[in-house]
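Asker: Sharing a structure below in structure tokens format, with a few things to ask.
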Amino acid sequence: MTKTINYPTPEWIATWCETRHCTPEDADMAWWDLEIEKGNPTPFDLDETAEEVSKEMRKGARAVNAYGKAVKRERKPDAEKRELIARLAEALADLSPEVVNPEREIRFGSYSITLTRHRTPKG
């Protein structure tokens, strides 16, 4: 079941132009903006196949090697962050901490600490 597209009437455009002091082109754009906000179909909507292509294109770039094969990027473990989280866990031992992520987060009770390494400023 497809929904029908509602087009602006000349009366609506005239009223919009009169109250907003704008051109008919601006009123037409306003109509379609309102229809999109309401979730109603518009003539600008993509069909199912075009929507699938658009979704695939929006997923982002994937790493490939020289032969066109996908490459799974492995992140190197950060020993410095692991050491810091371990020391925090030792220091908070009386609060029975839970190491959620050995390089990022430690939880104790209803609190948690998240470790962030800041990049050096460029320049």
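Each reported figure results from applying straightforward, stated rules to the coordinates on display, with no laboratory input. Since this is a predicted model, take the numbers as computed values, not measurements. Positions of Cβ are generated from backbone atoms using ideal geometry, with glycine treated the same way; all protein chains shown enter the neighbour counts.
Asker: Going toward the positive end of the dipole of the chain, with +1 on Lys and Arg Cβ and -1 on Asp and Glu Cβ, which of PRO121, PRO10, GLY39 do you reach last?
Answerer: It is PRO121.
Asker: With everything on Cα atoms, drop me the angle between helix 10-20 and the longest principal axis of the chain, reported from 0 to 90° to the nearest 10.
Answerer: Here the helix axis deviates by roughly 60 degrees.
Asker: Taking amide H positions as placed in the peptide plane 1.01 Å from N, state which residues far from VAL100 in sequence (5 or more) or on other chains have amide H under 5 Å from it.
Answerer: GLU105, ILE106, ARG107
Asker: Express in nm, to one decimal, how much length is gained between LEU46 and GLU90 on full extension, taking 0.36 nm for each residue of separation and deducting their alpha carbon distance. All intermediate terms of the calculation are to be shown ahead of the outcome.
Answerer: Values: separation 44, 0.36 × 44 = 15.84 nm, distance 5.62 nm.
Contour length minus Cα-Cα distance gives 10.2 nm.
Asker: Same structure again: If I fit a long axis through the Cα atoms of helix 48-57 and take the longest principal axis of the Cα atoms of the chain, what angle between them do I get, 0 to 90°, rounded to 10?
Answerer: Around 40 degrees separate the two axes.
Asker: Which entry in [x] 44; [y] 66; [z] 22 matches percent of Cα pairs over 24 Å apart derived from the coordinates of this structure?
Answerer: [y]
Asker: Read phi for every residue in segment 36-42 and hand back ³J(HN,Hα) as whole Hz from Karplus 6.51 cos²θ - 1.76 cosθ + 1.60, θ = phi - 60°, with x for Gly and Pro.
Answerer: Taking θ as phi minus 60°, the curve returns 5, 4, 6, x, 7, x, 10 Hz for segment 36-42.
Asker: Tell me the angle of helix 79-91 to the major Cα principal axis of the chain, expressed in degrees between 0 and 90 and rounded to the nearest ten.
Answerer: 70 degrees
Asker: Also, quick follow-up: Helix-derived [θ] at 222 nm for the chain: sum -39500 (n - 2.57) over DSSP H runs of at least 4, divide by residue count, nearest 500?
Answerer: My calculation for the chain gives -12500 deg cm²/dmol from helical runs alone.
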